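See structure below.
Every number here is computed from the coordinates shown, using simple stated rules; none is lab data. In this text, all values refer to a predicted model and were calculated from it rather than measured experimentally. Glycine gets a Cβ as well: all are built from the backbone with ideal geometry, and neighbour counts include every protein chain shown.
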There are 2 protein chains.
Amino acid sequence: MKALLLIAHGSRQHAANEEVQRLTARLRARANDRFGHVSCAFLQFVEPTLTEGIEACVGLGATHVTLLPYFLAAGQYLAVEIPRTVAARQKAHPDVTIRIAPHVGATPGLADLLLEMAAAV
Amino acid sequence: MKALLLIAHGSRQHAANEEVQRLTARLRARANDRFGHVSCAFLQFVEPTLTEGIEACVGLGATHVTLLPYFLAAGQYLAVEIPRTVAARQKAHPDVTIRIAPHVGATPGLADLLLEMAAAV
């Protein structure tokens, strides 16, 4: 089973975390047969943590876990913290494939999507 | 002439601002006939400011300026600061139409784009 885990920074503002949870629900509803499980995890302020999120996917029987960093810009989290946590979980679960997708800001096709949307405003 | 102005928060980390500038260049290259001018503006740390960015568009002859907030989550900037600046510029240029597009996190089609990208990783 393939799992998708959206990773957000987490915010002290409840509304921002709720936006992440709403997007997670949208991803889940539209995943079809691409992902058997879709959830989210947070790096600060909110649970589940990234470690907890990965463990939950593995506990549900995921053989592949794809992490989707919900960040517009690269930075310490993407360069250091997420890879470090992933390396530890990968070591704990050598039979599970854990991959990190490009962050949102680096998603191919984002420019076209934004242009299309902005032109329709 | 229609102008597109990407609005980013701005960062003390140079690399993050460069990512915004690269996306702006990508938007410009792909705008075709949808926008005659594409640039970016920042709310903190980096210039041009939002006011300067709007003024530059108007100075170049824009009759429509579409602001595209490069934010994943709504918050004070989207709710208060951007609309306040826009209202002041709109008052200064009553013949120019200034519109604010949904922020990136609220872009229709984002979930599908992310699912497609994550499934290909």
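If I ask for residues that are among the small types (Gly, Ala, Ser) and over 10 Å from the mean Cα position of the chain (by Cα), which ones from segment A:4-51 would you list?
A:Gly10, A:Ser11, A:Ala15, A:Ala16, A:Ala25, A:Ala29, A:Ala31, A:Gly36
Hey, can you tell me all the residues within segment A:68-95 that are of a type in the set (Val, Ile, Thr) and surrounded by 17 or more Cβ atoms within 10 Å (Cβ to Cβ)?
Those that are of a type in the set (Val, Ile, Thr) and surrounded by 17 or more Cβ atoms within 10 Å (Cβ to Cβ): A:Ile82, A:Thr85, A:Val86.
Give the residues of segment B:109-121 that are part of a loop (DSSP other than H, G, I, E, B) and either under 15 Å from A:Thr24 (Cβ atoms) or at the interface with another protein chain (Cβ under 7 Å from one of its Cβ atoms) (or both), sorted by residue number.
Step one: filter segment B:109-121 for residues part of a loop (DSSP other than H, G, I, E, B), giving B:109, B:120-121.
Residues satisfying the conditions are B:Gly109, B:Val121.
Given the criteria closer than 17 Å to A:Asp112 by Cβ and in contact with a strand residue (DSSP E or B) (Cβ under 6 Å, 6 or more places away or on another chain), does B:Leu23 qualify?
No; evaluated as a whole, the condition is false for this residue.
Only one of (1) within 11 Å of another protein chain (Cβ to nearest Cβ); (2) out of contact with any Pro (no Cβ under 6 Å at 6 or more places or on another chain); (3) under 18 Å from B:Glu116 (Cβ atoms) is not met by A:His103, so which one is it?
So the condition that A:His103 fails would be (2).
Filter segment A:3-34 down to the residues that are farther than 16 Å from A:Val104 by Cβ, buried (at least 16 other Cβ atoms within 10 Å of the Cβ) and within 8 Å of another protein chain (Cβ to nearest Cβ) and list them by number.
Within segment A:3-34, A:Ala31, A:Arg34 qualify.
Looking at segment A:67-80, which of the residues that are out of contact with any Gly (no Cβ under 7 Å at 6 or more places or on another chain), more than 19 Å from A:Ala56 (Cβ to Cβ) and of a type outside the set (Phe, Trp, Tyr) is farthest from the other protein chains (Cβ to nearest Cβ)? Break it down into steps so the answer makes sense when it comes.
Going residue by residue through segment A:67-80, those that are out of contact with any Gly (no Cβ under 7 Å at 6 or more places or on another chain) are A:67-70, A:74-80.
Those left that are additionally more than 19 Å from A:Ala56 (Cβ to Cβ): A:74-80.
Keeping just the survivors that are of a type outside the set (Phe, Trp, Tyr) gives A:74-76, A:78-80.
On the way: A:Ala74: 6, A:Gly75: 6, A:Gln76: 9, A:Leu78: 11, A:Ala79: 10, A:Val80: 13 Å.
Top of the filtered list is A:Val80.
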